Amino acid sequence: MGRTSVSARVVENRPIAPGIYRMGIEAPWADGLVMPGQFCMLQAACPGSSDPLLKRPLSVHDAEDGVAWFLYRVVGKGTGLLARLVKGDMVAAVGPLGQPFPSLAGRRVVFVAGGMGVAPLPLLARRRRVMKVLLGARREEELAVLDVLDLPGIEVEIATEDGSVGHKGLVTDLLPPFLEGGVEAVFTCGPMPMMREVSRMCGARGTACWASLEAAMACGSGLCMGCAVRKAGGGYLHVCSDGPVVDAAVIAWG
Ligand SMILES: Cc1cc2nc3c(=O)[nH]c(=O)nc-3n(C[C@H](O)[C@H](O)[C@H](O)COP(=O)(O)OP(=O)(O)OC[C@H]3O[C@@H](n4cnc5c(N)ncnc54)[C@H](O)[C@@H]3O)c2cc1C
């Protein structure tokens with residue numbers, strides 16, 4: 001089965017930290033067909049209203065027993081309407097979409113995450129595609145999402161900018177020992193400056209790096225060209241169809 005466009009029932013939608021929600025929807029593809037790093041375009045079904053017109057992209061956070069889960073921060077109108085949904089409400093969902101993280105089963109892969117970049121982690125962990133997580137936050141309160149991350153057998157190392165938990169400094173400070181220790185690949189998801197630095201560090205060591213990009217997107221399927229990102233060698237790629245997960249070396253990070 002490829003991607004589907006469905007009206008899906010919400011099975012749960014609850015706040016897990018201020019402004020951050022975890023939502024599950026019934027999804028026919030949730031039992032094995034979705035790959036870690038893929039995303040869905042979602043929109044709260046509001047009878048009589050088409051505002052906002054466009055669905056919003058969210059990474060598939062986890063998928064099991066016919067339910068696809070999403071972890072999202074309320075930013076504006078689209079996510080604000082999603083946050084109001086309760087069990088039994090309907091959501092318009094198109095997915096799963098985009099290119100996933102590569103399958104490097106059995107290889108030593110480190111995941112560098114910042115902020116909502118943790119969203120795809122449980123599905124990656126379930127499929128055993130990552131062995132170690134380095135997580136960055138500004139302060140302890142931003143780590144509340146850790147309480148709902150189901151990451152069996154995966155060690156998490158934390159860096160906070162104010163030193164309230166773990167290493168005091170940036171999450172990228174934690175990466176050099178792994179690069180020097182011969183980690184085979186690095187996956188990264190989070191703020192662009194963090195991913196740019198992770199990509200630079202990996203490039204300098206010749207370590208493979210895949211980044212999950214974010215861009216405003218309207219269609220989610222490569223038709224509108226709204227999510228174009230410049231490539232290092234010239235030209236553009238589209239985050240929705242060439243990504244969101246891309247080889248970090250092909251991006252012109254600026
Ligand atoms: C692949 C991918 C995966 C993501 N996964 C997650 C995740 O797991 N968790 C999470 O919290 N966030 C995730 N995001 C970010 C999330 O999609 C945004 O925070 C969300 O779209 C905000 O929508 P909003 O309506 O609440 O905010 P708004 O600020 O109201 O709008 C959001 C965006 O929609 C875009 N938009 C509005 N109108 C148009 C238009 N006419 N044409 C094109 N774009 C328009 C704007 O660029 C705006 O930035 C992901 C983004 C991408 C690209």
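Every number in this text was worked out from the coordinates using simple rules, so none of it is lab data. Everything quoted here is computed from the prediction, not taken from an experiment. Don't worry about glycine lacking a Cβ; one is built from the backbone with ideal geometry, like all the others, and counts go over all protein chains shown.
List of remarks:
- For the chain, averaging the sequence separation of C-alpha pairs within contact (under 8 Å, six or more residues apart) and dividing by the residue count gives a relative contact order of 18 percent.
- The protection proxy used here, the mean number of other Cβ atoms lying within 10 Å of each residue, ranks peptides 96-102, 8-14 as follows, highest first: 96-102, 8-14.
- Ellipticity estimate at 222 nm from DSSP helix runs (n ≥ 4, -39,500 (n - 2.57)) divided over the chain, nearest 500: -3500 deg cm²/dmol
- Near the amide H of Lys132, within less than 5 Å, lie the amide hydrogens of Val109, Phe111, all on another chain or at least 5 residues away, with H placed in the peptide plane.
- With 0.36 nm allotted per residue and the present C-alpha distance subtracted, the Ala249-Lys77 stretch has 58.5 nm of extension available.
- For the range 180-187, 3J(HN,Hα) per residue [Karplus equation, 6.51 cos²θ - 1.76 cosθ + 1.60, θ = phi - 60°, Hz, x = Gly/Pro]: 5, x, x, 4, 8, 7, 10, 9
- Förster radius 51 Å - calculated FRET efficiency between Ser7 and Lys168, Cβ distance, rounded to 0.05: 0.60
- Extended-chain gain in nm, criterion 0.36 nm per residue less alpha-carbon gap, Arg84 and Met192: 36.0 nm
- Note, ³J(HN,Hα) from phi for the range 28-36, Karplus 6.51, -1.76, 1.60, rounded to Hz, x at Gly and Pro: x, 9, 6, 8, x, 8, 8, 10, x
- Here each label is just a point 7 Å from Cα along the line to Cβ, and for Met225 and Ala92 those points are 2.4 nm apart.
- Chain lengthening between Ala45 and Arg200 when straightened (0.36 nm per residue, less Cα-Cα): 51.6 nm
- Taking other residues whose beta carbon is less than 14 angstrom from the beta carbon of Ala144, and scoring Lys, Arg as +1 and Asp, Glu as -1, yields +1.
- Folded to 0 to 90 degrees: helix 192-205 orientation relative to the chain principal axis, Cα: 40
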